[in-house]
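Working notes, beginning with the structure itself.
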Amino acid sequence: MQQRFVGHSGLSVSRLGLGTMTWGRDTDADDAAAQLRTFMEAGGTLVDTADVYTGGDSERLLGRMLRDAALRAELVVSTKAVVTPAGRRPRDASRRHLIAAVDESLNRLGLDYVDLWQLHTYDDEVPLEETLAALDAIVSSGRAVYAGVCDYAGWQLAAAAVTQRTIPGRIPITSAQVEYSLLAREPERELLPAAAHLGVGVLAWSPLGRGVLTGKYRTGVPSDSRAATPHFADFVRPYLDERSRRVVESVVTAADGLGVSPVAVALSWVRDQPGVASAIMGARTHAQLAAALPAEDVELPIEIREALDDVSSPD
């Protein structure tokens, strides 16, 4: 699998990443282990998790696999903190919370450090300077090698990245993770241009439009799909509208013409957008991941890319 540098940093990751949001709930330990093994056999290196995924079980499952030192050495492990669903408020980017959160993540992962540590969302109740000072402390202490942000608006990324760049000795913002797909192109308005200007690499989460771009919802909601579960139904529903249906049909048409899967078309489109370092696949099952990995060998002709650009263009 091709490796790419993340922005202007020396951090290199596979251009398809492995997401673990369902590990420990919809994905059991055996299936998760099979996913990681298959992903690595295909040359994948970036594995992304977060402290709040399945109540910490995602990190715990990954940590059990990382006890193999040789396996750990081959992977770029990224995790996140800030979101606090069980706390007194939904997010907490205070120094107190972030320092405690990274230590708890490392304990669950069984690691001394992670390769990439990310601020999971912006917290407008805490001064940005305090949040960034905590980020500096975490990287300077050796708990993380690189730092990034997740789900920041363009101006929020710019504020953080410029602050870190202009003050000597501060830790640079290496990456910006954001939802980006043919069904979610809003990052093109501000986030992607800001990242390009600042030399920040983009990590695209949910590149398959929360599963909708696979085409599985074309005739209804399958009983074994995420949209059929109580914890993901509201997550998928926004992409079951008429605009999304038109985009999905175009993806299916392109896939039929190329002799590949809709998954390969949707992943390839995101993966090769300017500034994207990696498209992070959140497969629920090993079978889904195995079906997605052949996208590595698919490159869309310019005519198909332009047609997909047109049909999915935001209003």
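The values are calculated or read from the model by the stated rules, or taken from the named source; none is laboratory data. As the structure is a computational prediction, the values presented were derived from the model and not from experiment. Backbone-built Cβ (ideal geometry, glycine too); neighbour counts: all protein chains shown.
Some points to look at:
- Pairing each residue of the range 92-120 that is under 22 Å from D151 (Cβ atoms) with any residue that is crowded, with 22+ Cβ neighbours inside 10 Å and of a type in the set (F, W, Y), provided the two are 6+ apart or on different chains, yields C-beta distances under 7 Å for V102/W117; D115/Y146; L116/Y146.
Here is a yes/no grid of residues against (1) under 29 Å from H8 (Cβ atoms); (2) of a type in the set (K, R); (3) buried (at least 22 other Cβ atoms within 10 Å of the Cβ):
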residue	(1), (2), (3)
S250	no, no, no
A254	no, no, yes
V263	no, no, yes
G275	yes, no, no
T285	no, no, no
A290	no, no, no
E296	yes, no, no
D315	no, no, no
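- Subset of the range 128-159 [of a type in the set (S, T, Y), over 19 Å from R96 (Cα atoms) and either in contact with a helix residue (DSSP H, G or I) (Cβ under 7 Å, 6 or more places away or on another chain) or not in a strand (DSSP E or B) (or both)]: Y152
- Tally of residues being of a type in the set (G, A, S) and surrounded by 19 or more Cβ atoms within 10 Å (Cβ to Cβ) across the range 298-313: 1
- Positions within the range 78-90 being in contact (Cβ under 8 Å) with a residue 24 or more places away in the chain and more than 14 Å from Q177 (Cβ to Cβ), in sequence order: T84, P85, R89
- Qualifying positions in the range 65-77 - of a type in the set (A, V, I, L, M) and in contact (Cβ under 8 Å) with a residue 24 or more places away in the chain: M65, L66, L71, L75, V76, V77
- Candidates R218, R189 - the one that is surrounded by fewer than 14 Cβ atoms within 10 Å (Cβ to Cβ) and touching a residue at least 40 places away in the same chain (Cβ under 8 Å): R189
- For the range 160-186, a residue qualifies if it is in a helix (DSSP H, G or I) and surrounded by fewer than 18 Cβ atoms within 10 Å (Cβ to Cβ), and the qualifying residues are V162, T163, R165, T166, E186.
- Residues in the range 4-41 that are in contact with an Asp or Glu (Cβ under 7 Å, 6 or more places away or on another chain), within 20 Å of A266 (Cα to Cα) and outside any strand (DSSP E or B): T20 only.
- Failed item, numbered, when A233 is tested on (1) small (G, A, S); (2) buried (at least 19 other Cβ atoms within 10 Å of the Cβ); (3) out of contact with any Ser or Thr (no Cβ under 8 Å at 6 or more places or on another chain); (4) over 29 Å from S175 (Cβ atoms): (2)
- Where helices (runs of 4 or more DSSP H) fall wholly inside the range 230-315, the ranges with 3 or more residues that are of a type outside the set (D, E, K, R), farther than 28 Å from D31 by Cα and in contact with a helix residue (DSSP H, G or I) (Cβ under 9 Å, 6 or more places away or on another chain) are 242-258, 302-312.
- Just one of (1) in contact (Cβ under 8 Å) with a residue 24 or more places away in the chain; (2) farther than 16 Å from A42 by Cα; (3) of a type in the set (S, T, Y) fails for T253. It is (1).
- V13 being modelled with pLDDT of 95 or more, crowded, with 17+ Cβ neighbours inside 10 Å and closer than 20 Å to A292 by Cα: yes
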